[in-house]
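A short worksheet on the structure shown next.
The values are calculated or read from the model by the stated rules, or taken from the named source; none is laboratory data. Quantities reported herein were computed from a predicted structural model and do not represent experimental measurements. All Cβ positions, even for glycine, are placed from backbone atoms using ideal geometry, and neighbour counts span all protein chains on display. All accessible areas refer to the heavy atoms of the entire protein, side chains included, with ligands and DNA or RNA removed. Shrake-Rupley method; radii C 1.70, N 1.55, O 1.52, S 1.80 Å.
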Amino acid sequence: MAAVCYRVRSTTVEFLLVKTRGSGRWTFPKGSAEPGLTHAQAAALEAFEEAGVHGRIEETSFATYVRRKDGDSRKSAASKELTVLAHLCEVTRLEAPQEFERNPTWFSAEKAKGCLREDRGANYAAELARVVDRAVARIQRLRLNSALAAEHRPKDGLQKVQFIDCAWRTVDAPKASVGNGKPRRQFLN
């Protein structure tokens, strides 16, 4: 799951990217499914842990992309393709990320695409650029739909979007659980 985190400044859409731990490449906050969480909640948790994001995340993914687990752009036996579900996340505020050395940074759509292309194979870079383009189009449609609804004009048939608020609290891990006893994050509805 990936959280495609954004904000709108005036009429410009900006995206929040983080650096990967190993290679230092820019990417969307992402991770794997978490037991007991929906895909959107898992993406929101990754955005919180990697970038300190609080906001509203779209319950349904708006795009998918394929990435190689080892980052290799060539097919090999050691590579594993993973399909990533991308969820839009409107950022309302930021705090310090839980994970170190992630360096969350805002970029315009064009600069975000440039950062996402760096040190990646052509196919993967094109997929990430397509996600940014689809996000911009979706955000523009959502904003237009909101403006039309606010003016009480007839709706233009765009589907209603459900967002969930992203709020987290730290709770102590249960003593009976298998694990390291570290605090864990719990999603608040």
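Count of segment 9-41 residues, restricted to those that are among the hydrophobic types (A, V, I, L, M, F, W, C), modelled with pLDDT under 95 and either more than 21 Å from ARG143 (Cβ to Cβ) or surrounded by fewer than 16 Cβ atoms within 10 Å (Cβ to Cβ) (or both), is 2. Scanning segment 9-56 for residues that are of a type in the set (A, V, I, L, M) and closer than 25 Å to ALA126 by Cβ turns up VAL13, LEU16, LEU17, VAL18, ALA43, ALA47, ALA51. Inclusion of GLU50 among residues that are crowded, with 24+ Cβ neighbours inside 10 Å and among the acidic types (Asp, Glu) is warranted. Note on segment 48-78: among residues that are over 22 Å from GLU99 (Cβ atoms), assigned to a strand (DSSP E or B) and β-branched (Val, Ile, Thr), the one that is modelled with the highest pLDDT is THR64.
Residue-wise test of (1) at pLDDT 95 or above; (2) within 19 Å of VAL8 (Cα to Cα); (3) among the β-branched types (Val, Ile, Thr); (4) in a helix (DSSP H, G or I).
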position	(1), (2), (3), (4)
VAL131	yes, yes, yes, yes
ALA137	yes, yes, no, yes
ARG141	no, yes, no, yes
ALA147	no, yes, no, yes
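Consider segment 84-108 and keep the residues that are open to solvent by 40 Å² or more (accessible area, probe 1.4 Å) and among the acidic types (Asp, Glu). The one that is nearest to THR11 (Cα to Cα) is GLU90.
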